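A.B. asks: Before anything else, here's the structure in question.
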Protein chains: 2
Amino acid sequence: MQSGQEHTLSEFRQQCRAAGLSLTHQREVIFLAVTASKGHPSPESIYDEVRRQIPSISLATVYKNIRTFLEAGLLREVSPHHGSLRLEANLIDHHHLVCTRCKAIVDLAETDIEPVHLKRELPSGFRVLRYSVEFQGLCPDCVADIKTP
Amino acid sequence: MQSGQEHTLSEFRQQCRAAGLSLTHQREVIFLAVTASKGHPSPESIYDEVRRQIPSISLATVYKNIRTFLEAGLLREVSPHHGSLRLEANLIDHHHLVCTRCKAIVDLAETDIEPVHLKRELPSGFRVLRYSVEFQGLCPDCVADIKTP
DNA sequence: TATTAAACGAGAATCATTATCCAAATGTCA
DNA sequence: TGACATTTGGATAATGATTCTCGTTTAATA
Ligand SMILES: [Mn+2]
Ligand SMILES: [Mn+2]
Ligand SMILES: [Zn+2]
Ligand SMILES: [Zn+2]
């Protein structure tokens, strides 16, 4: 063993124990592939990576375990807006309140928040065209639904 | 005529002319359905709405015209993160720089921006759990690609 | 180590979206 | 306005992403 990921690996094992997930070789390799990737990988790219260590692994296994990790809180989704296209007719800059449960999206006027200030330069070479703030949480309906399921 | 949308409709006709799009009944009804919806509708929900006025319309027509409107700038997508799942291994609150062309996602530490301040109360009943700022634009690679295509 | 529940692999199924192809509608101009 | 060229619409097949099903294998645990 000279991998340099012993810490992450033992953390992973402990997180699985805490979450009541059984430890499989596939899970270890999938999880480490996600954490080792510098960016924000897609399931396909994780599959490509994992297959180098487990050529026989199934894409469905990758998807299943990613979902398991998301549900257990070991990983997150970058955005709640993945899945279906949502249209914006309001072309004026503004922000959003997003219900992570029912996917409702409510506008917040640009003037409802103070302008965002950067404390430092952005990574050089990136051309920013706009920004928006997304408040994630639960809409009133979903708050009620959760209290009385 | 007593619809109350003459203004939006004539605006739409003018925007189509400006963009070189021919005017069809389907396009009018689709566009008005999007602008009339208070929220941020999905193509399916627009299809459901439009079918009440044009029962014979095809779902493909709805999708094609939505894409046409997006390309012409008459509508926008709520988020650039729609399509495929992207995983987040960094569970600490932070923000993102997103390239709208190649979908690259780069982390910005929470401490890289000043805390966001609301100028007024949020719509009542919404339970906010977190927020994040998304800077959209072009990554260095895509900036270069566009200059030299 | 034997038992049992959970996970895996292969592939079918589903969902969202796009492509294809022919008929119908639109735009242009005489 | 009418003919013609072009674009668009409708039906449906195809695609890409994701989930489901089911029989086999593996992990947990006593
Ligand atoms: Mn909006
Ligand atoms: Mn991130
Ligand atoms: Zn909700
Ligand atoms: Zn890019």
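The values are calculated or read from the model by the stated rules, or taken from the named source; none is laboratory data. What you are looking at is a predicted structure, and each value in this text was computed from that prediction instead of being measured. Positions of Cβ are generated from backbone atoms using ideal geometry, with glycine treated the same way; all protein chains shown enter the neighbour counts. Heavy atoms of the whole protein, side chains included, go into the accessibility calculation; ligands, DNA and RNA do not. Shrake-Rupley method; radii C 1.70, N 1.55, O 1.52, S 1.80 Å.
A.B. asks: Within chain A, which is the longest segment containing none of the trypsin sites (Lys or Arg not before Pro) that sit in a DSSP loop and have at most 10 other Cβ atoms within 10 Å? Can you show the working numbers first?
C.D. replies: Working: sites that count: A:K38, A:R52, A:K119, A:R120.
With a cap of 10 other Cβ atoms within 10 Å, the longest stretch comes to A:53-118.
A.B. asks: Sticking with this one: Does anything in segment A:86-125 have its amide N under 19 Å from the 7 Å Cα→Cβ label point of B:E71, and if so which residues?
C.D. replies: A:86-88
A.B. asks: Taking every DSSP beta bridge that has both residues in chain B, what percent is antiparallel when rounded to the nearest 5?
C.D. replies: 55 percent
A.B. asks: Report, as a whole number in µm² per second, the diffusion coefficient that Stokes-Einstein gives for segment B:9-83 at 4 °C and 1.567 mPa s using the Kirkwood radius over alpha carbon pairs.
C.D. replies: In µm²/s, the coefficient rounds to 102.
A.B. asks: For each cysteine in chain A, check whether another cysteine's C-beta sits under 4.7 Å from its C-beta; list those where none does.
C.D. replies: A:C16, A:C102, A:C142
A.B. asks: State to the nearest 20 debye the size of the charge dipole of segment B:14-149 about its Cα centre, where the only charges are +1 on K and R beta carbons and -1 on D and E beta carbons.
C.D. replies: Charge dipole of segment B:14-149: 640 debye, to the nearest 20.
A.B. asks: What does the buried accessible surface come to for A and B, summed over both chains, with the probe at 1.4 Å? Round to 100 Å².
C.D. replies: 6400 Å²
A.B. asks: Okay, next question. Accessible area, 1.4 Å probe, largest first: how do A:S56, A:S45 sort?
C.D. replies: Largest accessible area first, the list is A:S56, A:S45.
A.B. asks: Kindly sort A:Y47, A:Y63 by accessible area of their heavy atoms, largest first, with the probe set to 1.4 Å.
C.D. replies: Working: A:Y47 35, A:Y63 110 Å².
Descending accessible area places them as A:Y63, A:Y47.
A.B. asks: While we're here: So, R0 is 35 Å and r is the distance between the beta-carbons of B:S56 and A:T148; what FRET efficiency does that work out to, to 0.05?
C.D. replies: Using R0 = 35 Å, I get an efficiency of 0.25.
A.B. asks: How far is B:L70 from the same spot in each other copy, in nm, shortest first, if each label point sits 7 Å from Cα toward Cβ?
C.D. replies: Distances to the matching label points in the other copies: 1.9 nm.
A.B. asks: Each label point is 7 Å from the Cα along the Cα-to-Cβ direction; what then is the distance between the points at B:E110 and B:S10, in nm?
C.D. replies: Modelled inter-label distance: 5.2 nm.
A.B. asks: Given labels modelled 7 Å from the Cα in the Cβ direction, how far is it in nm from A:L122 to B:K38?
C.D. replies: Taking the two extended label points, one gets 3.4 nm.
A.B. asks: Moving on. Taking the label point as lying 7 angstrom from Cα along the Cα-to-Cβ axis, what are the distances from A:T24 to the corresponding position in the remaining copies, in ascending order and in nanometres?
C.D. replies: Listed shortest first, these distances are 4.8 nm.
A.B. asks: If each label sits 7 angstrom from Cα along the C-beta direction, how far apart, in nm, is A:D141 from its counterparts in the other copies?
C.D. replies: 4.0
A.B. asks: Past 28 Å, Cα to Cα, is the threshold; run A:K64/B:K38; A:K64/B:K103; A:K119/B:K103; A:K38/A:K119; A:K103/A:K147; A:K147/B:K103 against it and keep the listed order.
C.D. replies: Result: A:K64/B:K38; A:K147/B:K103 exceed 28 Å.
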